[in-house]
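Let me begin by presenting the structure, written as structure tokens, before commenting on it.
Every read-out reported here was derived from the displayed coordinates using simple, explicitly stated rules and does not represent laboratory data. Model, not experiment: these values are computed from the prediction. Positions of Cβ are backbone-derived with ideal geometry, glycine not excepted, and every protein chain shown enters the neighbour counts.
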Amino acid sequence: MTPGQPDAYAGWPSGYARVVLPETDSTLNEAERRFDDLTGPTWILALRQTQARGRRGKAWTHPKGNFAATLVLPLDEPPGRAALRSFVTALAVYDAFVALSGRAEPFQLKWPNDVLLNGGKVAGILLESVQRRGRVVGLSIGIGVNLAEAPDPATLPADALRPVALAQETGALVTPEDYLAVLAETYAAHEASFAVLGFAPIRRLWLDRAARLGSEILARTGTAETRGIFETIDDDGRLILRTGAGRQAIAAADVFL
């Protein structure tokens, strides 16, 4: 911290630890390595990642100044409930963007785990379970945010959503450390709500911010494609599409808007 400047972690939420690393291969890998020594929820932030990854093993580029962190949660609960943390996290990421940019209108949430800015992808979320002796004992929530720079579209699949960065789209210049300080607070608030009130309030807030709700979208699972009207998400977080064959519930897919 520079003398005379505020401490980015002054409002850090109680009960959450943090680790800030200059470099690691992946914060998700780091979470797996450190899990047995953790005593509670822990944020792991890396200022540089050399082997970052996204969903389905896809590479996630990490230009300098962007945000890469994993929240590690020791858990003892059914996998279905743990998976709903993707919606908890998406709301926290969204709220952190609004707090730091002073604007809400450019941001939306894309099922199942992306955050959009002016229609482009600014953040992604990846959940991985932590297992010991064949039993799930925790959850790692990986979060990647384009704060300073968006990756070159040429390095992404042709059908990938246009990547954007917070600084380029809004002019807000935010360091990874400052983003973590705000994100930790917004996450702690939504996690507390989820713990006490369940998924229903999280679901309502998520739907209020959902991209393309009420419009036609395409959901792709492997080689199967389902096109329909995005009606809602159900109590299990599944995507509900209204199609010519009736309403369909989709638990996992890549969505194209």
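Counting every other Cβ atom within 10 Å of each residue's Cβ, Leu147, Leu126, Leu47 order from fewest to most as Leu47, Leu126, Leu147. Shape class of region 216-256 from the alpha-carbon gyration tensor: oblate, with a/c at 1.5 or above and b/c at least as large as a/b. Roughly speaking, what is the centre-to-centre gap between region 151-183 and region 128-149 when only Cα atoms are used, to the nearest Å? Cα centroid to Cα centroid, the span is 20 Å. Dipole check for the chain: with +1 at the C-beta of Lys and Arg, -1 at the C-beta of Asp and Glu, and the Cα centre as origin, the magnitude is about 620 Debye. Applying a DSSP loop filter and a limit of 14 other Cβ atoms within 10 Å to the trypsin sites (Lys or Arg not before Pro) in region 111-198 leaves Arg133. Give the shape of region 140-257 as rounded, prolate or oblate, defined through the alpha-carbon gyration tensor: a ≥ b ≥ c are the square roots of its eigenvalues, a/c under 1.5 means rounded, and otherwise the shape is prolate if a/b is larger than b/c and oblate if not. Oblate. In the chain, Cα pairs under 8 Å separated by at least six residues give a relative contact order of 17 percent. Summarising the label geometry, the points placed 7 Å from Cα in the beta-carbon direction at Ala251 and Asp36 lie 3.1 nm from one another. Full extension of the chain between Asn118 and Thr50 gives 21.6 nm of extra length, using 0.36 nm per residue less the Cα-Cα distance. Among [x] 17.5, 54; [y] 19.5, 57; [z] 17.8, 64, which one is Rg and Dmax of the Cα atoms in Å computed from these coordinates? Read-out taken from this structure: [z]. Each residue, Ala160 and Leu197, gets one label point 7 Å from its Cα in the Cβ direction; the gap between the two is 3.6 nm.
By the beta-carbon count within 10 Å of each Cβ, the least crowded to most crowded order of Asp25, Asp178, fewest first, is Asp25, Asp178. Okay, which of region 87-124 sit inside 11 Å, backbone N to the point 7 Å along the Cα-Cβ direction of Ser215? Under 11 Å, as judged by backbone N against the label point of Ser215, lie 119-120 of region 87-124.
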